[in-house]
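Asks: Just dropping this structure here.
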Amino acid sequence: MRSSGWRAPNLVPVTLDPEDSKIITLARSARARNEAAEGAAVRDETGRTYAATNVALDALTLSAVQVAAAMAVSSGARSLEAAALVTAGEGPSDADRAVVAELGVASLLVAGPDGTLRS
């Protein structure tokens, strides 16, 4: 048999921290429950979690990440340990990255609707 020269990439399964898996699950659940375009969840410095979906009204448009971060801050959080976005779209936006960075998150977890991690 002749080889075409193509080799399968070395795929290494990603093992997430159980707490990071939890916020992806929360984001997926929020998105599914509201039939929303996006779902997000964040974990604050005390371990509390907040899940949200995007808001798309004529007078107000917020991403799911922005809503979840606002919920955390309005509940007294001073920083975030982790943030996750679940979307079928491109996401995250520059504004999503900026809000989690301002609250101390170095990397925003992004997953598809099935929970498969994209980044």
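Asks: Kindly evaluate THR49 against the criterion of being hydroxyl-bearing (Ser, Thr, Tyr), in contact (Cβ under 8 Å) with a residue 40 or more places away in the chain and over 17 Å from ASP94 (Cα atoms).
Replies: no
Matching residues to (1) aromatic (Phe, Trp, Tyr); (2) at pLDDT below 95; (3) touching a helix residue (DSSP H, G or I) at 6+ places or on another chain (Cβ under 8 Å); (4) in a helix (DSSP H, G or I):
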{"site": "LEU16", "(1), (2), (3), (4)": "no, yes, yes, no"}
{"site": "GLU19", "(1), (2), (3), (4)": "no, yes, no, yes"}
{"site": "ALA32", "(1), (2), (3), (4)": "no, no, no, yes"}
{"site": "THR46", "(1), (2), (3), (4)": "no, no, no, no"}
{"site": "ALA59", "(1), (2), (3), (4)": "no, no, no, no"}
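Asks: Among the residues of the range 101-111, which ones are small (Gly, Ala, Ser) and more than 16 Å from THR53 (Cβ to Cβ)?
Replies: Of everything in the range 101-111, those that are small (Gly, Ala, Ser) and more than 16 Å from THR53 (Cβ to Cβ) turn out to be ALA101, GLY104, ALA106, SER107.
Asks: Also: If I go through the range 89-102 residue by residue, how many of them are assigned to a loop (DSSP other than H, G, I, E, B), in contact (Cβ under 8 Å) with a residue 40 or more places away in the chain and surrounded by 15 or more Cβ atoms within 10 Å (Cβ to Cβ)?
Replies: Count: 1.
Asks: Turning to a different aspect of this structure: Please tell me if ARG31 is on the phi < 0 side of the Ramachandran plot and out of contact with any Gly (no Cβ under 8 Å at 6 or more places or on another chain).
Replies: Taking the combined requirement at face value, the residue does not satisfy it.
Asks: For the range 77-88, name all the residues that are in a loop (DSSP other than H, G, I, E, B) and under 12 Å from the mean Cα position of the chain (by Cα).
Replies: ALA88
Asks: When residues of the range 38-54 are filtered for being surrounded by fewer than 16 Cβ atoms within 10 Å (Cβ to Cβ) and either more than 15 Å from VAL105 (Cβ to Cβ) or among the polar types (S, T, N, Q) (or both), how many remain?
Replies: Looking only at that region, the number is 1.
Asks: Still on this structure, please answer the following. Note down all Cβ pairs under 6 Å where the first residue falls in the range 72-83 and is hydrophobic (A, V, I, L, M, F, W, C), the second is part of a strand (DSSP E or B), and they're at least six residues apart or on different chains.
Replies: Qualifying pairs under 6 Å: ALA72/VAL42; ALA72/ASP44; ALA72/TYR50; ALA77/ASP44; LEU80/VAL42; LEU80/ASP44; ALA82/ARG43; ALA83/VAL42.
The values are calculated or read from the model by the stated rules, or taken from the named source; none is laboratory data. This structure is a prediction, so every number in the text was calculated from the model and none was measured. Don't worry about glycine lacking a Cβ; one is built from the backbone with ideal geometry, like all the others, and counts go over all protein chains shown.
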